[in-house]
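Below is one structure, written out as structure tokens; comments come after it.
The values are calculated or read from the model by the stated rules, or taken from the named source; none is laboratory data. Computed from a predicted model, the values in this text were never measured in an experiment. Cβ atoms come from the backbone with ideal geometry, glycine included; neighbour counts cover every protein chain shown.
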Amino acid sequence: MKNKQFKKPIIISALFFFFSLSLLILTAYIWGENDSENNIVSILESISTAIAAAAVFGAAYIAYKELAEIENTRYMEISDRLFQELNSPENIEARRHIFQKLPKTPEETTQELSKEDRDAMKRVLNSLDHVAFLTQDDWIPDKLIMPWMHPMISKSWEKLEPYVLYERKTRVEPYYYEHAGKLAERCEAWREKHLTKAQRENKWIEVDNAL
């Protein structure tokens with residue numbers, strides 16, 4: 001694999017060099033044979049310049065490929081961490097709990113939420129905050145992660161947003177889980193762009209088996 005990666009820039013550099021050399025020879029031929037000594041000196045200087053340019057071009061190409069490989073490796077590492085975060089057994093169980101058992105709004109709760117309810121809410125919100133942190137500032141393009149992440153984020157936030165807004169008002173803390181909210185906004189923007197209206201509206205089908 002490494003050999004193939006280094007062969008390509010060498011071949012490209014060689015082609016660039018021979019193209020430059022051919023162009024120089026053609027130019028010398030057009031000039032004619034007058035002042036042939038000066039022409040030879042000029043050609044040698046030009047060949048030297050072409051060799052240097054080919055070497056620089058090859059080095060630049062190798063550097064570009066290495067940077068691209070580093071970036072792809074970083075994307076893979078972030079994707080793996082996101083997958084582990086969202087698909088841990090504890091987080092799956094917490095999402096299932098809020099999907100199936102949590103009242104739609106805080107006002108519908110006639111008594112205080114149970115410890116199990118609160119623990120599930122806190123775990124899912126912390127999970128969304130962690131995902132928001134890992135994907136901030138375009139550390140990884142949304143197009144690589146939203147296709148598989150969006151159902152979990154969208155459904156979780158739909159259930160939890162009323163509680164987050166309620167807590168922000170009660171605590172007088174407008175920044176309470178602010179990053180999780182911004183992640184949900186990005187998710188909804190992606191869904192608007194890539195899903196049909198029917199697909200967006202049918203996310204709660206078979207909710208009894210939700211993960």
Quick check on segment 87-107. Is at least one of its residues of a type in the set (Val, Ile, Thr), surrounded by 11 or more Cβ atoms within 10 Å (Cβ to Cβ), in the same structural domain as Ala184 (by TED's automatic domain parsing) and out of contact with any helix residue (DSSP H, G or I) (no Cβ under 7 Å at 6 or more places or on another chain)? yes
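Among the residues of segment 162-179, how many are assigned to a helix (DSSP H, G or I) and within 25 Å of the chain's Cα centre (by Cα)?
Total satisfying the criteria: 2.
Could you tell me which residue of segment 126-153 is modelled with the highest pLDDT, considering only residues that are in a loop (DSSP other than H, G, I, E, B) and surrounded by fewer than 17 Cβ atoms within 10 Å (Cβ to Cβ)? Talk me through it step by step, then tell me what you get.
Start the filter on segment 126-153 by keeping residues that are in a loop (DSSP other than H, G, I, E, B), which leaves 135, 139-141.
Keeping just the survivors that are surrounded by fewer than 17 Cβ atoms within 10 Å (Cβ to Cβ) gives 139, 141.
Details: Trp139: 84, Pro141: 89.
Among residues in segment 126-153 that are in a loop (DSSP other than H, G, I, E, B) and surrounded by fewer than 17 Cβ atoms within 10 Å (Cβ to Cβ), the one modelled with the highest pLDDT is Pro141.
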### Task
Answer yes or no as to whether Lys182 is within 27 Å of Ile78 (Cα to Cα), outside any helix (DSSP H, G or I) and either under 26 Å from the mean Cα position of the chain (by Cα) or in contact (Cβ under 8 Å) with a residue 60 or more places away in the chain (or both).
no
Per the list (1) at pLDDT 95 or above; (2) of a type outside the set (Gly, Ala, Ser); (3) touching a Phe, Trp or Tyr at 6+ places or on another chain (Cβ under 8 Å), residue check on Arg123 breaks on (3)
* Asked: Can you find a residue in segment 158-165 that is touching a Gly at 6+ places or on another chain (Cβ under 9 Å) and buried (at least 18 other Cβ atoms within 10 Å of the Cβ)?
  -> yes
Selection over segment 84-105 where residues are more than 15 Å from Lys122 (Cα to Cα) and in contact (Cβ under 8 Å) with a residue 40 or more places away in the chain yields a count of 3
